[in-house]
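The values are calculated or read from the model by the stated rules, or taken from the named source; none is laboratory data. For clarity, every value in this text was computed on a predicted model and none was experimentally measured. Cβ coordinates were reconstructed from backbone atoms using ideal geometry, including for glycine residues, and neighbour counts include every protein chain displayed.
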Amino acid sequence: MDAAFDKYFAMSNILQDDIEVLLDVKDDSQNSRRNFIRAAAALIEGYAHCFREMCELGVATGAGPLTSKEVQVIQAERSFDSAERIKLTLRAAYKSFQLPSVPEFGDEGWQHAQILIEKRDRLMHPKSVKDLEVPDALWADIHEGTKWLFRQLFGFMEQLAIVHGPNDGR
């Protein structure tokens with residue numbers, strides 16, 4: 001478990017630095033949009049991978065509160081498409097560590113996040129020039145989806161610190 005947390009913290013620092021640089025850039029070009037999506041996706045996938053590693057020990061000792069699909073994503077992540085893998089991983093991580101605010105996937109935030117994930121998949125596996133375009137109409141949704149996913153990812157660690165952090169002696 002310690003190794004999974006150490007890996008998370010090391011990756012987190014690098015990936016967050018990448019995103020901060022991109023957020024500071026005022027360039028609204030197609031290149032910047034594509035690079036933002038790629039960097040955001042790397043952070044999201046990196047965090048999700050670390051969360052799955054953190055959950056492995058719990059799954060090895062019994063599924064606990066996890067559904068069969070949540071267990072499966074921890075054991076065989078490649079069995080799922082990108083959006084489902086991220087969704088199930090987030091739910092599994094929050095539930096495994098008994099955190100109170102499991103992300104809500106029925107709202108507009110998740111819908112925007114799925115647009116981000118779909119565009120990321122198209123950017124990484126383009127079949128046409130259209131796959132490489134990030135039109136204005138889509139950009140706002142992608143940006144909102146990115147912020148929503150980041151809140152879920154960062155919120156996990158914040159809640160983890162609150163619920164399972166060091167006891168302050170009170």
Pairs only if they're at least six apart or on different chains, beta carbon under 9 angstrom, first in the range 91-102 and at pLDDT below 95, second hydroxyl-bearing (Ser, Thr, Tyr) and in a helix (DSSP H, G or I); list them, first residue then second.
PRO100/TYR94; SER101/TYR94; VAL102/TYR94
Looking at the range 40-81, which of the residues that are part of a helix (DSSP H, G or I) and polar (S, T, N, Q) is nearest to LEU123 (Cα to Cα)?
SER79
Within the range 142-156, is there a residue that is among the basic types (Lys, Arg), surrounded by fewer than 17 Cβ atoms within 10 Å (Cβ to Cβ) and at pLDDT below 95?
yes
Out of the residues in the range 68-107 that are under 17 Å from TYR47 (Cα atoms) and of a type in the set (Ser, Thr, Tyr), which is surrounded by the fewest Cβ atoms within 10 Å (Cβ to Cβ)?
SER82
Could you check VAL134 against (1) assigned to a helix (DSSP H, G or I); (2) within 21 Å of LYS26 (Cα to Cα); (3) among the hydrophobic types (A, V, I, L, M, F, W, C) and say which number it fails?
(1)
Report yes if some residue within the range 104-119 is in contact (Cβ under 8 Å) with a residue 40 or more places away in the chain, among the charged types (D, E, K, R) and in a loop (DSSP other than H, G, I, E, B); otherwise report no.
no
